[in-house]
Every structure is written in C-alpha cells, then in structure tokens.
Amino acid sequence: MKMLVFSFIVGIVLLYFLNIALLKNPLLDLHWSIHAGLRFLIGFIVLGVSFFYAHAVEFKKAVYITACIVTIDYIHDYYTQAYRFNLEIILHGIFMMIWGAILGYLTAKYIKEKLMRD
C-alpha cells in the first residue's frame, strides 16, 4: 500500500512539472487530459496488469497492442491538427504509460494481497 501511494504521489508531482515545464499546458485542459488518460490506461491495463502482473499477454503482444492504440491516437491528432507531432508530446506519452504500468502492477498486487488476507 505504501508503494502504491508513494508512486501515485510522485507521479502526480512529475506530471505537474512535465505539463507546466515541458508542454506549458495546464493539468485540467480537457482535450489534453483525454490523451494523457488514454496513455495512462494503456499502461495501467495492458502493460501493468496484463503483462507485468498477470503475465496474461506476452511482451511482444503487449507492445503491439500499445503501439497500435498510440499510433491510432497520433494519426487522429494529425488529421484533426490538435497537437503537433513533436518530442515533448512523445516523452509525455511515454511517461504516462510508464506511470500507468507501475500503478497497474502495484494496484493488482495490492488487490491480490488484500483478497488473500480476507
């Protein structure tokens, strides 16, 4: 539980500084939050829970699933001209997926430990 809370708090702080310093974008921008949330959920479900914790998906398949979803999102952004395709946005997306994967793994581990105790 402590690692889960610590990872969440550190992630929020890093997210704040990444958004303000790197992207110069507020945290509560709805359009940007949807993109960041999508990458976080990809990391949480596909990488954190399905691959790292449950080993339900092979690494190669997890990477393909992640790459396909992110590519589709970038293509959508390109055609709607919502955001430029640049290094800062890619680094932010990578951070969100890694943070999601860490929290996904720790959450699944915490839930299993909680269920085993009860």
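From its DSSP helices (H runs of at least four residues, each -39,500 (n - 2.57)), the chain gives a residue-normalised ellipticity at 222 nm of -23500 deg cm²/dmol.
Couplings 3J(HN,Hα) for region 45-58, derived from phi with the Karplus relation 6.51 cos²θ - 1.76 cosθ + 1.60 (θ = phi - 60°), are 7, 6, 7, x, 7, 5, 9, 5, 8, 7, 6, 7, 10, 5 Hz, where x marks Gly and Pro.
Net charge in the neighbourhood of LYS2 (other residues with Cβ under 15 Å of its Cβ; Lys, Arg +1, Asp, Glu -1) is +1.
Kindly give the semi-axes, whole Å and largest first, of the ellipsoid equivalent to region 1-116, taking each as the square root of 5 times a Cα gyration tensor eigenvalue.
Details: eigenvalues 135, 69, 18 Å².
One finds semi-axes of 26, 19, 10 Å for region 1-116.
The HN-Hα couplings worked out from phi for region 11-18 by the Karplus form 6.51 cos²θ - 1.76 cosθ + 1.60 (θ = phi - 60°) are x, 4, 5, 5, 4, 4, 5, 5 Hz, whole numbers, x standing for Gly and Pro. Listed values for region 100-116 are Karplus-derived 3J(HN,Hα) couplings in whole Hz (6.51 cos²θ - 1.76 cosθ + 1.60, θ = phi - 60°), namely x, 5, 5, 5, x, 4, 5, 5, 4, 5, 5, 5, 5, 4, 5, 5, 5, and x replaces Gly and Pro. Pairs exceeding 28 Å between alpha-carbon atoms, taken from LYS24/LYS60; LYS24/LYS109; LYS60/LYS114; LYS60/LYS112: LYS24/LYS60; LYS24/LYS109; LYS60/LYS114. Ordered by solvent-accessible area of protein heavy atoms (1.4 Å probe), largest first, the residues LYS109, LYS60 come out as LYS60, LYS109. Stretched out straight at 0.36 nm per residue, the stretch from PHE17 to GLU58 would grow longer than its current Cα-Cα span by 11.4 nm.
If DNA, RNA and ligands are ignored and the probe is 1.4 Å, what is the ranking of VAL46, VAL63 by accessible area, most exposed first? Write out the running numbers ahead of the final one.
Values: VAL46 20, VAL63 60 Å².
Reading off the accessible areas and sorting them downward yields VAL63, VAL46.
Estimated at the nearest 10 Å², the accessible area of MET116 is 140 Å² with a 1.4 Å probe.
The values are calculated or read from the model by the stated rules, or taken from the named source; none is laboratory data. These numbers were taken from a predicted model, which means no experiment stands behind them. Glycine also receives a Cβ, built like all others from the backbone with ideal geometry; neighbour counts cover every protein chain displayed. All accessible areas refer to the heavy atoms of the entire protein, side chains included, with ligands and DNA or RNA removed. Shrake-Rupley method; radii C 1.70, N 1.55, O 1.52, S 1.80 Å.
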